[in-house]
Each structure stands twice: as C-alpha cells, then as structure tokens.
1. Can you tell me how many residues in segment 445-456 are part of a loop (DSSP other than H, G, I, E, B) and not polar (S, T, N, Q)?
2. Looking only at residues that are small (Gly, Ala, Ser) and in a loop (DSSP other than H, G, I, E, B) in segment 133-192, which one is nearest to LEU714 (Cα to Cα)?
3. Give me the residue from segment 874-886 that is of a type in the set (Ser, Thr, Tyr) and at pLDDT below 95 and, out of that set, surrounded by the fewest Cβ atoms within 10 Å (Cβ to Cβ).
4. When only residues in segment 556-590 that are open to solvent by 30 Å² or more (accessible area, probe 1.4 Å) and under 23 Å from the mean Cα position of the chain (by Cα) count, which is modelled with the highest pLDDT?
5. Considering segment 764-784 alone, what residues qualify as being open to solvent by less than 20 Å² (accessible area, probe 1.4 Å) and in contact with an Asp or Glu (Cβ under 9 Å, 6 or more places away or on another chain)?
6. In segment 407-444, how many are exposed (fewer than 12 other Cβ atoms within 10 Å of the Cβ), among the basic types (Lys, Arg) and part of a strand (DSSP E or B)?
7. Quick one: is VAL688 touching a residue at least 24 places away in the same chain (Cβ under 8 Å) and either surrounded by fewer than 23 Cβ atoms within 10 Å (Cβ to Cβ) or among the basic types (Lys, Arg) (or both)?
Amino acid sequence: MLFLRTGINPYAQFEKAFVRGGENYKYYDLPSIDPKYDQLPFSIRVLLESAVRNCDNFHILKKDVECILNWKPDNRLGQNDEEISFKPARVILQDFTGVPAVVDFAAMRDAVLELGGNPEKINPICPADLVIDHSVQVDFSGTSDALAKNQNLEFERNKERFTFLKWGARAFDNMLIVPPGSGIVHQVNLEYLARVVFETDIEGGKLLYPDSVVGTDSHTTMINGLGVLGWGVGGIEAEAVMLGQSISMLLPEVIGYKLVGKLGPLATSTDLVLTVTKHLRQLGVVGKFVEFYGPGVSELSIADRATISNMCPEYGATVGYFPIDENTLTYMKQTNRSEKKIDIIRQYLLATRQMRNYANESQDPRFTETITLDLSTVVTSVSGPKRPHDRVSVKDMKQDFAVCLTNPVGFKGFAIAPDSLQSSGQFQWDDNKSYTIRHGSVVIAAITSCTNTSNPSVMLGAGLLAKKAIERGLSIMPYIKTSLSPGSGVVTYYLKESGVIPYLEKLGFDIVGYGCMTCIGNSGPLDENVVNTIEKNGLVCCGVLSGNRNFEGRIHPNTRANYLASPLLVIAYAIAGRVDIDFETEALGIDNDGKKVFLRDIWPTRNEIQEVENKHVIPAMFQEVYSKIELGSKEWQTLQVSESKLYPWSGVSTYIKRPPFFEGMALMLPPLRSIRNARCLLYLGDSVTTDHISPAGSIARNSPAARYLSENGLTPKEFNSYGSRRGNDAVMARGTFANIRLVNKLLTKTGPRTIHIPSQEEMDIFDCAERYREEGTPLILLVGKDYGSGSSRDWAAKGPFLLGIKAVVAESYERIHRSNLVGMGIIPLQFLPGQNAESLGLSGREVYNINIPEQGLKPGQHIQVEADCNVFDTILRFDTEVDITYYKNGGILNYMIRKMLN
C-alpha cells in the first residue's frame, strides 16, 4: 500500500551510476535483479527495463516486472494470458496520421473545456516526433525539374494541412516537428531521430534507458534494425501513449531467426528480405516478436537489417529485432552522432548486458522457436503480383506470370480467357511514334519507399546499373512512368557524389520528391492514351516498385499486377519493358555495336557497390543535411499560424474539421447494451487490408467523397488524396471502403458498393450506411482471415465507426487493426476455430443480435450471435482488461478525457 500512495519504485535499490566527462549517469542494473535475466531474448530485456524504471505499483505493477522476468520459451500465444504494461520512450507520428492525431488533441481540448476542465491538460507527456512525410503525388516525372514542380504543387495543395501542423507544434509541448520535404518518416527516424539510448535530466545527473518507440505507421518496425525496439500502433493508441498511458499487451512469443553464411555476390538485401518475408509468413508469426541472431547478422549492414525490419508488417510479426552490436555504433558514427554520445551508449549497454556479439554463441538467449537461414541460398527475387509475401525467383518469373494470367481470380490469378492471352493495343506517343503494350507490359517503374531508399547498397547498385546500361546504349520506353523518390536528402547527396545521378536521369529516374509516393498510391496519373489502351483491351499491365506493399488497387487502378523488387530490378524490368522475361536467355536490348546486352552484363557485384559506398557515404553528408532539417523550406518558414492554445476551426475547410467523436459525451459511463436488429453492411473475404477499408490514394470522381467536395465548390483537380484529407471526417467517412478492388459477397461485381437489404437497392457504401442510420439500424461486418492487414491506419477504424458499424465478426485480425477497432469502441468478434461465415451458412442478409452481458465482461469470453434462426458462439477479441475498459468508455480517447476530469 505504501507504493500505491507514494509511487516509490520498489526497484530503486538497483539504481547505479557511472561518471563520464564530469557528469553523473544513472541507470537500472538489470542483471543484478535476477539470474534469469541473461536467458531472456534481448527484445524482452527492453520491455523489462521499461517496467523496472516505471514501476510505481500504480501504472506499472511489480507483477509486470516479475511476469517479464519469468518469460519462458514455451510462452505460447493463446495459452498465455499474462498481461503486461509497457511505456515506450517516445512516439513517432507521420503526417498522414499526425494530422488526425493533432486534430483529435485539439478536439479533446475543446471537449475538456466544455465539460468544465482545463484544456491545457491535453498535452503530450511522452515525447512525440512528428515528421511531415511529404507524400508527394508523382504528377511530374522524367523531367529535370520534376522535384521542384511536384513539391510546389504539393505545398499549394496541402498548405492548410501544413499550417495546421505548424500550429500544433507550437500549441502542444514536448512535440518535435520535422517539416515537409525532409524525407520518409522511417528513414528520418533511422538517420536522425533515433537515440538508441535516452538521456533524461534528473536530480543529480542524467538517467539512461533504452530508446523504444511506437509509431503511427506499421513500418515503424524499421527502427528495429538499429536495435531500437519499436512497432506500429493505431493513431488512436499512439495518442493515448502521448497522454501518458502505458500500452497493455500480452507477453509475446519470441522466434529466434538464425542467420549463417554470406550473401552471394549478385544478391541484394531486397532479395533477402523477400525471402525472409515469405518464410516467416508461411511459418505464422502474427503477434510474435522475431529476434535475429547468429554469425550471419554481422555480415549485414545496419541498412540491410533495417530493410528486413521494415518489412515486418508483411511477414506479420510485431517486431523483427536486431540487438545492438558494434556495427550499430559504427552506423551512429557514420550518421554523425557524437563520439561522446556513442561512448555513453556503449558504457550503458555493456553494464546492462544489452550489447550483442553475434559471433559469441554463449550470448544466445532462449527462444520460443528457432529457424535458420543460410544467406548463401538467397537468390534474386521479386514478390507479387498482389501480395508482398508471394516471392518469385527472377529465373521463374516468366513462367509464373504466364500461370497467373490464366489462374482463377485470386492472389495469384487474373482469369484471362485463353482467346485473350495474346491481346494487345497500340497508341501514339508525343514523339509521333506508335507503341504496343500487352499483358505483362510495364507502365510504372518506381524506386520508392522506405524499404530500400534507406539502403545505400541497393540505391548505389541501381545507379551503377543505370550507368552501365547507358554506356551500352540501352533506354526505357517513353510511356513508362519512371520515378525516383529518395527517403532523405542524404540519399541524393551520395548519389550525386558518386556520379550516378546523370545516368539515372537519362533513363528517366529523376528525383521527384522526398516521401512516400508510388508505394502508398501516389503514383500520379498515367497518360490517357496508355489508360485507354489498357482498358479497351482488358490488359494486365504492371507496376514494378522497390516498395513494401503491392495490394490490389494500391499502386494505380490500371496496374492490375504489381511486383516488389530491388531498385536494380526496377530499372532492369523498366528497360525490358515487360515482366515476362527470362533474363538468363533473353536480352535486355541491343547495344551501340549491335550486340545483345543481357542483364548479367550490366549487373554490379556487391564488391563493386561496397567500394563506392565506402568512398561516398560519409558522416559529413548527414551533418550537412540534418543540421538544418528542422528549419524547413522558405515556404514552411513563412507559414503564419495562430498563437491560440485552442484551434480556430473553420466551418468551410475541407481539410481540417473538428471530429464528431466527442459529441454528446457525458462524464458518467454509459451502460453496456447488446446489439439488436443489426444488418450486415458488407460481407468480405480474406486479407481485407486497411487499403480496402480506408484508401490513401486519389479520390475517384464518381465517389461519395468527390460529390461532397464538389458540393463544397472544389473541382476534380483540387480533390487531392484521401491521405491528405485525413483531418476531415466528412471526407474520410465517405471514403471508407472506397477501394475499387473491394470484393463484397453481397454483390457479384467488384467495387465500393453494397445492398440495402430491406429494399434490395444497390448503392454506394456510404449512402447505404446513411440510409441505415436514418432507420435506426446498427451495422456489422462479416469478414474472413487477416482482417485489417496492411498499414496501421487509424481511419480504417474511425471510418467504420462513423458509418455506424458496432461489431466486426472475422476469422482472424491483424494485430494493429484489432487494437484500433477497440480504440474506437467497435467490438471485434472472432469465429470459433474451424468456423466461418460460409461454414455457418450465413448469407449476410440476416438480422443479427449480439448478446453483450451488462456485467462480468471478460477478455476472450464466448459471445453468442443470433442470425435469424442461426445461433453461434464467437470469441470476444478484447484481449486484455484494458481493452474492456476502453470499450466501456466508448474508446481510448473518451477514456482519457474522463480520466483527466475525474
């Protein structure tokens, strides 16, 4: 009881200190707490340190520490109900999710004021790094001034959004903002924001503890490559962490992934990550930690490790963690972190035994399960045509694509009829020449995304390949939309210094901007002649990109097949002009002397690439770029913002709007009620992603969102993207389930439409939801496996909430999306093992009753669902008591407001 009253840390006796440079540094001596410490995976040690440091027997309990210390290899998910609390060191926000986070904070201030409290209590407690990830739409490409044109256009389009974020940086304490045009959030995090070890001022010195982070993008996991434990959470959960809440989680399994051997001379880190992604997705690691170990790890650069960690959401794990070693500290020196800082980090990590020597097997911890990969077995690969874990060896690509064309519609099929396999079409280009495209033709080739643009080896490799291609007289068809979007200014710096930029530009890979582009759907428009030819002839044309996501409808509506590839292969397939090529036997083209040029003739080896990298990637570049990063451009510096602590909402803005989440909120908790007489809005299948639920790309001209914007006086060229309008709930609600590739089993056609069951009228999904709202009918969704996979998009939960969806019944959930649903007060229910909507004979046309007990609601209990005469049990996917608390409050943010007022 003493600890409950005073907040005294029961582990204070383990606090120790050392002196460096005349300063006292304090830390918690973790190895002294219990001998079991040395057997713990390194990722679990970070969870333990946080629990020890924050233990006050109120927010973090002593039993949380004991639970982590007692982690066992047989700690199996589904058999373990050990719940722990975790307080990360910081939160990172990308602007796409940063805007709604700041919008919610501003609205919460208003709500607190209206309920009689002090609005300035709504302030980040946990440090928040907000990167305005300038997610440029590639309107201009293949021109020397594409970068300036795109960025000017984006600043014009998003000026109001940027102004709002600049206001937020001033209105809220403890928030660092990185202005637009600086780079991709994850690369900026890796190269600049990551602390590795935090230093916090305390009485008598500085307190040291591991850097850890949660972020509002699923690829926050990229930072695990630097030994910083981090993963993606929903924007809703991130806001709660910023307000001082701990994350409630089940103690995870930890899969040990052992790497041995060396990559071959022609293999790239992209090939490795696609191999790992397929392997782990097949194994099944959703909700688990993956920790890499073994002597092969030492062979990988930090950029290589970050590439593997970046793809963690694609293989489904919570984290893909690489413990800190000397290579980590070398990278910190290379990226211009100070010698003093690195010395302090080394001293702390050695003292707490959080420093790895991958060659020393005696340091290997115990794992739930272990897997081994020999790096020498990795071959050149791509993934596609519709999922990032469907890896294809490049040598098998021609045959694989041919099979995909005729396969039934699915992740590996397009169901092209035999008499249409030879379909093609011609069109005229600006050069007055006629061009022909067919199935397999490449129309988009983009070096894009944080996955690879953070990695000098593949970026310089692409530059060297471009150089050799130009020297042999090779070129790319002019209709192929090519682009290069580096993850930070450092990339441009070393590409220029190494002399490869002119060759990339000659092939059409001009720098078009800094940020998430083609990978997130901002590929920009294709030429109308190309689009018309594709549509008229029903062609399966292709996008090839160095990204991490290639879900249907994400890259571009007219690229039905999309392949993830290394930057080198992006260029190779662009030169070939098609994906159905056997690079071993078919030439890329003819050189200036009339000789055939094969890919092997221009492919650089790892040794060639490393020689250039060692010469040109130097600390001075990072110092030059990041010394002025927080200043931003002249346009950013001249933005005028309000000095008010409360945001002056505009009634006519189509970008920033006060959300309705807190309307009608009372201090008293509402009673729990069952869901009665509900209808199914959508009946969906497996692998429905957050891109299906809440698209980030362009707003279609015939959509409900477009109608709303038109009614507000905007023309189609001003619509911008859903991602840019995440601060306006009216747009985002209308954009929910607006993906053109959505397959709703209530209909026979693909698209964002559904049936209003009582009237049997087909209509847009938003309009149908509005009809049900007027009738007072609650809504549910029926879905298959892996519901909500993909980006950690908070609007994929907020949008359904605004449509009136009260519950989702799925076969399984992606981790982050399940948490987001809970955060918005939506009930996630799961079919019993071996059951699904089809096996239960559900059509989606029934009337549904979901029986929620008013008292005694427990995590994981069975909940009965009535569907007309069909009655079946489901599993309540409230995984922790905290989930139930959030649900009773109507969501996380409502809970936080009540907590601050009571």
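The values are calculated or read from the model by the stated rules, or taken from the named source; none is laboratory data. Since this is a predicted model, take the numbers as computed values, not measurements. Every residue, glycine among them, receives a Cβ derived from its backbone with ideal geometry; neighbour counts consider all protein chains shown. Surface accessibility is based on the protein's heavy atoms, side chains included, excluding ligands, DNA and RNA. Shrake-Rupley method; radii C 1.70, N 1.55, O 1.52, S 1.80 Å.
1. Count: 0.
2. Ranking the candidates gives SER135 first.
3. Per the criteria, the residue is THR885.
4. ARG560
5. CYS768, VAL783, GLY784
6. So the answer is 0.
7. Here the answer is no, as VAL688 does not meet what is asked.
Rundown of residues vs (1) among the polar types (S, T, N, Q); (2) modelled with pLDDT under 95; (3) outside any helix (DSSP H, G or I); (4) touching a helix residue (DSSP H, G or I) at 6+ places or on another chain (Cβ under 9 Å), yes/no style:
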site: GLY727; (1), (2), (3), (4): no, yes, yes, yes
site: PHE737; (1), (2), (3), (4): no, no, yes, yes
site: ILE740; (1), (2), (3), (4): no, yes, yes, no
site: THR748; (1), (2), (3), (4): yes, yes, yes, no
site: THR777; (1), (2), (3), (4): yes, no, yes, yes
site: GLY784; (1), (2), (3), (4): no, no, yes, no
